[in-house]
Ligand code: BGC
């Protein structure tokens, strides 16, 4: 019933899209190459964003809706160039997931100047008033869920805890870490966990509410830059210098699936690490296989179909001259940006089937050992 309802809502959104889109291309634009909605995503090098591209394409297939998706390949300069390309094609709405939250300000300011409505997608664009809306998952809940999983599946006493974080240029990295820290900190303070790899975090172990600067100091020490190679190198360095009492049965806060797999590989190949529990996020296909194989403990599933639907729904409302519905706001260091937020789901071996296969996010044949 619920699934049908969602399907109908999506269908209506897509139909509205095509009507509005055809109206748009009839009434102006720049002729042949005209695009109504431009979408800019950070990089094709991470499966997470290729997932988003695919979900956008799925949602748009068979419609007359004119859209174009460009990737910034980890470069803010390329991102700005992408936005300019789309502005030249006459876009009315820009859906953008910034490579670097602060650096993207210049690109969206150029869009605003052209009268384009800017929707920040998944990652907030910071320190500018040129963002109209923000569609996002509940990122504090992502971190909190990861932390809670470590507590629920830990040894309960004096367990070594390795902390890792995302890129400091991504506002989400702060939200994930903050959400995790708020849950972990009391368990660090009471001796359930011993921090193994961050003197900065150790020094702040009695502080539950960290300031942005305090978080920066920890993230600076344990960042993966969202790069599996950086993550691997950091994990190797940490294990090389870890004392014997920081090995054995350990807990690892890994910020996302791409970094979790490479950190897990490093910990899994150290014979002094007898067992580990490790978090992740994104429900990447490769990590679901890792979970089934017992190499990654959990992931936080963020149903990209919902985020795509929300972003598209907002774009349609804007093109239709209406004000999109929002559920809250996020301060970006300059203004409160109206936001629509989506819940997340914890997935481990026990519920892969229900959450990812039965919900048709993935096909059973994509995996072995289900
Ligand atoms: C996203 C995550 C992603 C990470 C690295 C974050 O902003 O929310 O889903 O894993 O960036 O790309």
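Only the coordinates and a few stated rules stand behind these numbers; no lab work does. Note that this is a predicted model, so its numbers are computed, not measured. When we count neighbours, we look across all protein chains shown, and the Cβ atoms used for this are built from the backbone with ideal geometry, even at glycine.
Observations on the model:
- Principal-axis tilt of helix 2-26 within the chain, Cα atoms, nearest 10 degrees: 40
- Solvent-free Debye scattering, log10 I(q)/I(0), computed from the Cα coordinates of segment 79-160 at q = 0.15 Å⁻¹: -0.58
- Computed extension length for residue 77-residue 327: 86.8 nm, one decimal, from 0.36 nm per residue of separation with the Cα-Cα distance subtracted.
- Exposure proxy ranking, count of Cβ atoms within 10 Å, fewest first, for 75, 269: 269, 75
- Paramagnetic label zone (point 7 Å from Cα along Cα-to-C-beta, residue 237; backbone N under 19 Å) in segment 206-231: 215-231
- Computed from label points 7 Å out along Cα-Cβ, the spacing between residue 230 and residue 274 is 3.4 nm.
- DSSP beta bridge pairing in the chain, given as percent antiparallel to the nearest 5: 20
- Per principal axis, descending, Cα span of the chain in whole Å: 70, 44, 31
- Across all Cα pairs in segment 330-370, the calculated P(r) in 5 Å bins from zero up to the longest distance comes to 5, 18, 19, 14, 7, 8, 9, 11, 6, 2 percent per bin.
- Helix 47-60 vs. the chain, principal-axis angle (Cα, 0 to 90°, nearest 10): 30
- Using only Cα coordinates, the Kirkwood hydrodynamic radius of segment 185-270 works out to 13.7 Å.
- Seen from all directions on average, segment 248-370 presents a Cα convex hull projection of 10.2 nm².
- Converting the Cα gyration tensor eigenvalues of segment 180-326 into ellipsoid dimensions via √(5λ) gives semi-axes, longest first, of 34, 21, 13 Å.
- Measure of compaction for segment 138-249 (Cα Rg per 2.2 N^0.38 Å): 1.00
- Summed over all non-identical Cα pairs, the Kirkwood treatment of segment 239-310 gives a radius of 12.9 Å.
- Footprinting exposure proxy for 267, 176 (fewest neighbouring C-beta atoms within 10 Å first): 267, 176
- Principal-axis tilt of helix 76-88 within the chain, Cα atoms, nearest 10 degrees: 20
- With R₀ fixed at 25 Å, the C-beta to C-beta distance from residue 102 to residue 209 puts the FRET efficiency at about 0.60.
- Normalised contact order of the chain, rounded percent, pairs of Cα under 8 Å and 6 or more residues apart: 16
- Separation of segment 220-289 and segment 36-104, taken as the distance between their Cα centroids, equals 31 angstrom.
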